[in-house]
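The values are calculated or read from the model by the stated rules, or taken from the named source; none is laboratory data. A quick note: this is a predicted structure, and the numbers were derived from the prediction, not measured. With ideal geometry, Cβ positions are generated from the backbone for all residues, glycine too; neighbour counts draw on all protein chains shown. Ligands, DNA and RNA are stripped out before the accessible areas are found, and what is left, the full protein with its side chains, is counted by its heavy atoms. Shrake-Rupley method; radii C 1.70, N 1.55, O 1.52, S 1.80 Å.
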Amino acid sequence: MDLDVVFLGTAGSMPTAQRAPAALLVRRGGDKLLFDCAEGTQRQLLRSSVGLLELEEIFITHFHADHVLGLPGLFKTFALRGRELPLRIFGPRGLVDLLGSLKRVVGRLSYELQLVEVEPGDVLERDDYRIAAFGVAHGVSAVGWSLIEATRPGRFDVAGADALGVPSGPERGALQRGESITLPDGRTVTPDHVLGDPRPGRKLAITGDTAPSDEIVEAAWGADVLITEATFAEEERDRAQETNHQTAPQAADVARRAEVTLLALTHLSNRYFGPEIADEARAIFPETIVPRDFDVVEVPYAERGAPHLVKGGASRRRDPEAVSSAPQ
């Protein structure tokens with residue numbers, strides 16, 4: 001099952017010539033999940049190799065303009081295309097009031113908007129993963145989001161199953177699902193006879209805007225990828241504290257404490273280009289990247305390697321360049 005993150009907007013409060021404001025697309029198999037929707041998000045999708053998807057779910061971290069101004073245009077475009085499939089929007093307390101106030105801008109839609117307000121600790125269950133809301137420290141109604149896959153069964157021991165006389169077919173499938181079977185001679189074979197140790201699923205944590213907090217460390221614990229903000233460099237620590245944002249070293253310290261595999265820093269102030277933020281963070285947490293718009297982070301299962309950055313992986317302009325997650 002493929003899992004990756006497309007960075008559609010990596011700027012802070014204002015867009016720049018190179019960076020659009022906040023938007024992330026998580027792709028897991030056939031599921032396409034949009035996190036935040038700043039102005040220009042639909043254009044970023046159209047400019048990318050992804051295209052303007054018939055999204056089914058959008059997850060909002062908070063309601064500052066640089067995270068939600070793309071919603072009215074996206075809603076209207078879907079309606080103009082004759083969409084009929086409902087669109088579910090998840091966000092913190094205040095979501096219903098916000099979208100109610102946008103009705104005059106959006107007008108009549110051809111489809112239903114399903115609005116779901118969440119609190120930290122709420123969990124949305126899927127077939128083999130869950131999406132959990134967690135608390136962040138931004139001074140307004142806000143949540144972070146984590147995607148957590150279910151634990152997978154251990155590897156199937158084909159030679160062991162052959163030795164036990166387990167026939168090929170449904171019996172082996174049942175064992176892989178964790179069910180015991182009875183062979184024609186009356187012997188019972190249990191999953192632990194033919195399965196290795198359970199294998200962990202993957203985990204992503206997306207904070208949106210936030211100051212550093214212990215709650216984020218707990219929510220991101222052991223994540224394959226932590227995507228968080230580094231609006232400021234260390235020289236602006238006081239400004240970060242005043243505005244409930246964080247510096248690159250503070251974000252790196254959160255990643256270190258949470259023992260994540262890869263840290264991706266986004267929401268950069270327009271005073272920075274990226275390398276200076278990366279350098280400060282890597283001094284504390286070496287496995288740090290600062291993606292640009294249309295970069296992709298691929299997240300394989302742990303036994304297949306570490307998460308890694310693909311520069312321009314969703315760009316139409318040039319061939320993507322795979323790079324290591326290590327400092328460049």
Quiz item: Which GluC sites (Glu not before Pro) from the stretch 211-259 combine a DSSP loop assignment with at most 13 other Cβ atoms within 10 Å?
Solution: Glu259
Self-check item: Computed log₁₀ I(q)/I(0) - Debye formula, equal Cα scatterers, no solvent, the chain, q 0.16 Å⁻¹
Solution: -1.30
Self-check item: the stretch 22-160: antiparallel DSSP beta bridges as a percent of all, rounded to 5
Solution: 55 percent
Exercise. With both partners inside the chain, how many of the DSSP beta bridges are antiparallel, as a percent to the nearest 5?
Key: 60 percent
Self-check item: Peptide ranges 31-40, 304-313 listed from the most packed, as the mean C-beta count within 10 angstrom indicates
Solution: 31-40, 304-313
Self-check item: log₁₀ of I(q)/I(0) at q = 0.12, 0.15, 0.17 Å⁻¹ - the stretch 246-321, Debye sum with one point per alpha carbon
Solution: -0.36, -0.55, -0.70
Exercise. Using a 1.4 Å probe over the heavy atoms of the protein chains, calculate the carbon and sulfur portion of the accessible area of the chain as a whole percent.
Key: 49 percent
Quiz item: Please state the relative contact order of the stretch 115-231 as a whole percent: Cα pairs under 8 Å, 6+ residues apart?
Solution: 27 percent
Quiz prompt | Within the chain: Cβ-based charge dipole about Cα centre, in debye rounded to nearest 20 (Lys, Arg +1; Asp, Glu -1) | solution = 1200 debye
Quiz item: If you average the sequence gap of Cα pairs under 8 Å that are 6 or more apart and divide by the length of the stretch 87-134, what percent do you get for the contact order?
Solution: 40 percent
Practice problem: Write down the percent of antiparallel bridges among all DSSP beta bridges whose residues are both part of the stretch 182-328, to the nearest 5. | Solution: 35 percent
Quiz item: If you roll a 1.4 Å probe over the heavy atoms of the protein chains, what accessible area per residue do you get for the chain, in Å²?
Solution: 46 Å²
Practice problem: Just need the relative contact order of the chain here, percent rounded to a whole number, with Cα pairs under 8 Å and 6+ apart. | Solution: 16 percent
Quiz item: In whole Å, how far is the Cα centre of the stretch 36-100 from that of the stretch 283-305?
Solution: 26 Å
Quiz prompt | Taking the C-alpha atoms of the stretch 38-80, convex hull volume expressed per residue in Å³ | solution = 73 Å³
Exercise. Mind putting a number on the dipole of the stretch 204-319 about its Cα centre? Charges go on the C-beta only, +1 for Lys and Arg and -1 for Asp and Glu, and I need it in Debye to the nearest 20.
Key: 560 debye
